[in-house]
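The values are calculated or read from the model by the stated rules, or taken from the named source; none is laboratory data. In this text, all values refer to a predicted model and were calculated from it rather than measured experimentally. Every residue, glycine among them, receives a Cβ derived from its backbone with ideal geometry; neighbour counts consider all protein chains shown. Each accessible area value is taken on the protein alone, full model and side chains, heavy atoms only, with ligands, DNA and RNA left out. Shrake-Rupley method; radii C 1.70, N 1.55, O 1.52, S 1.80 Å.
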Amino acid sequence: MENHLQDLHEVLSKVQGYVYPNEIELNWSILIVLYPYITGLVAGAFILASLERIFKLHILKPTYGLALLTALSFMLVATMPLVSHLGKPLRAYEIMVTPHLSSAMAIFGFVYLWYLMVVLLLEIWFDYRRDMVIWANETKGIKRFLYKALSLWTTDISPKAVALDKKLGYIVTVIGVPSAFLLHGYVGFIFGSIKANPWWSTVLMPVIFLFSAIVSGIALVMLIYILLSKIRKQKIDMACLDLIARYLFYILLIDFVLEGLDQIHRIYEAEESFEVLHMLVFGKLFYTMFILQGLLGTIVPLLTLGTFQFVQPKEKIRKAVYLVTSALILIGVFFMRWNVVIGGQLFSKSFYGYTSFKIGMIGTEGYLMAAVWIIVPFIILSFLLWLLPPWKKKDEDADIQEV
Amino acid sequence: MSLSSSTMKQHKSNISRRDFFKAGTFIVGGIAVTSVFTPFNGILFASEAPKGKGKWYGIGIDISKCIGCGKCANACKLENNVPQEPFYFRSWVEQYTIKNDGSILVESPNGGIDGFMQSVPDEEIFKSFFVPKMCNHCAKSPCVQVCPVGATFETDDGIVLVDETYCIGCRYCVQACPYGCRYIHPEKGTVDKCSLCIHRLEKGLQPACFEICPTEARILGDLNDPDSNINSFLKNHTCMVVKPHLNTGSKLFYNALSPEVR
Ligand code: SF4
Ligand code: SF4
């Protein structure tokens, strides 16, 4: 409290121009940057997995299970940054119990649950049910119990049952894709629907959020796949990686065009808020927007991935470039969220000035808390990969004959 | 649910997924219906006409009368236990100075509570005036619209209030208010804003800021009553709300509002 007030006094001394007195304090801090970032990773990873399933792109098989488990790991913590930043975190359940339906944030709770329960969990369940039944027979003790419980004590793995699993799983995927779009579109809408804030209020916001989400999710799966193969000392499936990189390139291109369109539109219309936003972009957001998001997170990846569409250097070089590029994209998208969330609060709604952003190490809004919510999904993912290793799934056709 | 549990008992060894899904369908269906269809009512919030059949409070502020003494801002803090630090205000006063070269200077040191000093030399000033600010008690209030739990609400007589026993402190409403009228109470963790001193209104008193204003620059009345003081104020002056293009249904009408004011 004392520290907080001290920080506010420091910020007050740095205010440029005029801001409403209540605007000195930034209301949404790094945790709310993480929230759309993490949901975006979920939506993106899921959509990558769905590509394999819906369009029967079997080249992508090596990353299918990984993408699903990645999506689940991040999905499980997606609401945590949001909840931990609340002034009254213990009242968070009210959003679900007494949602106020004109609020985009209230609806998010339902979209989240729908997506987590109905889409992600079901799809993974169908995909793994047969394996879990088999693994339950092969293992002992707690692991055996876990598999039994997770497969909900079902035991039927006759070809007919497995075929039904597949069919239902496919249906879930088909429902899942629009749901993933909905999930992240909604997150964009939470910002895009705030008419008080000209930096946020654009119809393109949900679409931009969606495409950057897909970009970030694909980049994340790509990165994890490369690293995991290194850790497991397995050969990377280059055909798969090249195809992922191609999708990444196209979607990044669409994302870039959309964001460019948004900016061009702003500049061309040059509304009342133009001047204040112009100075924001070239001042306080210069580094995060032009260097981190624009140059490193977008232009460099576009150039490298784009070049690979025409010339294919050696495998080793491609691998290294994919590794670096996916990391750059992840950083770029993080700063895209940063520029939206933090940038949108740095200028006054009076359009007469700017406040500044100060964040501490500790406290519920500090860097450490943010780091926790970035690290936890990876811990969950490690656990899931231990429990449900996609690479240990049995070849179905071979197995069906066995049974 | 009873469906699935009874079936589970019958086929302990080999439960068919079909039964599991029958039960699941009900749950899923329930979630689907709520999550897919209900939001559509919510979309209509700002596009519908505001209610307000009975008493309907409206506020008038006469900028030409305001002398920038800041007594209203101070009275508000005292009356409503607003934290004294200069980051929390339910009511504040801004000083606008438009210079001869067209540049605009806006100031509100400590919300105007300690009064104002004109930092621009007289000969450089084109014009200067004070603008008292407070919640506009919008009729299509963006803050009510976005509150995820309905902790921010509008009374039947048009006062926008916060139920602090209910607010989860998500700060969405703070983002949504175009006028900067909300803050998170540093000790309570919930949002706070002008309540139009409803506790005083109930006793037949004026809000603290209205009562203390030495020049009677503030007027409060019933917009639905043709003979009310607010209606005669609106009739006799050319009034304007701040940021009319946002269509927030603002019920705070300023006389002599300059276009520089935002
Ligand atoms: S002025 Fe702000 S706080 Fe007051 S009703 Fe309007 S939007 Fe809500
Ligand atoms: S801070 Fe409180 S009043 Fe404001 S939107 Fe959140 S829950 Fe509602």
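What the table below lists for this structure:
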quantity	calculated
Per-residue average of Cβ from other chains inside 10 Å of B:87-100	2
Modelled FRET efficiency - R0 45 Å, A:D242 with A:Q6, Cβ distances, 0.05 increments	0.25
Local net charge near B:V93, Cβ-Cβ under 13 Å (Lys/Arg +1, Asp/Glu -1)	+3
Candidate aspartates and glutamates - alpha carbon under 20 Å from A:K233, same-chain residues fewer than 8 apart omitted	A:D242, A:E315
Per-residue SASA entry for B:H185, accessible area with 1.4 Å probe, Å² rounded to 10	10
For the protein assembly as shown, alpha-carbon Rg and Dmax in angstrom	28.6, 97
Probe 1.4 Å, all protein chains present, accessible-area order of A:T304, B:T152, largest first	A:T304, B:T152
Within region B:65-138: Cβ-based charge dipole about Cα centre, in debye rounded to nearest 20 (Lys, Arg +1; Asp, Glu -1)	380
Minimum 20 Å² accessible area buried by the other protein chains, region A:89-111 residues, probe 1.4 Å, relative to alone	A:R91, A:E94, A:I95, A:T98, A:H100, A:L101, A:S102, A:S103, A:M105, A:I107, A:F110
Accessible surface of A:I291 - all protein chains present, 1.4 Å probe, nearest 10 Å²	50
Exposure of A:W386 as accessible area (Å², to 10), given a probe of 1.4 Å and all protein chains	130
Burial of 40 Å² or greater, region B:153-172 residues [accessible area, probe 1.4 Å, versus chain by itself]	B:Y166, B:I168, B:C170, B:R171, B:Y172
Per residue accessible area in Å² of the protein assembly as shown, where ligands, DNA and RNA are left out and the probe is 1.4 Å	43
Accessible-area ranking of B:I159, A:I375, largest first, probe 1.4 Å	A:I375, B:I159
Pairwise centroid distance, computed over Cα atoms, of region A:111-157 with region A:324-339, Å	34
Loss of accessible area when A meets B, both sides summed, Å² nearest 100, probe 1.4 Å	5500
Cα gyration tensor, region A:167-321 - rounded (a/c under 1.5), prolate or oblate	oblate
Sulfur and carbon atoms: percent of accessible area, the protein assembly as shown [1.4 Å]	64
Computed [θ] at 222 nm, helices only, for the protein assembly as shown once each DSSP H run of length n ≥ 4 contributes -39500 (n - 2.57)	-16500 deg cm²/dmol
Cα centroid of region A:288-311 to Cα centroid of region A:81-106, whole Å	37
C-alpha center-to-center spacing [region A:208-279, region A:21-41] in angstrom	20
Residues in region A:337-352 occluded by at least 30 Å² - accessible area, probe radius 1.4 Å, against chain by itself	A:K349, A:Y352
Environment charge at A:I30 (Cβ cut-off 15 Å; Lys +1, Arg +1, Asp -1, Glu -1)	0
Shielding score for A:146-155, defined as the mean number of other chain Cβ atoms within 10 Å	2
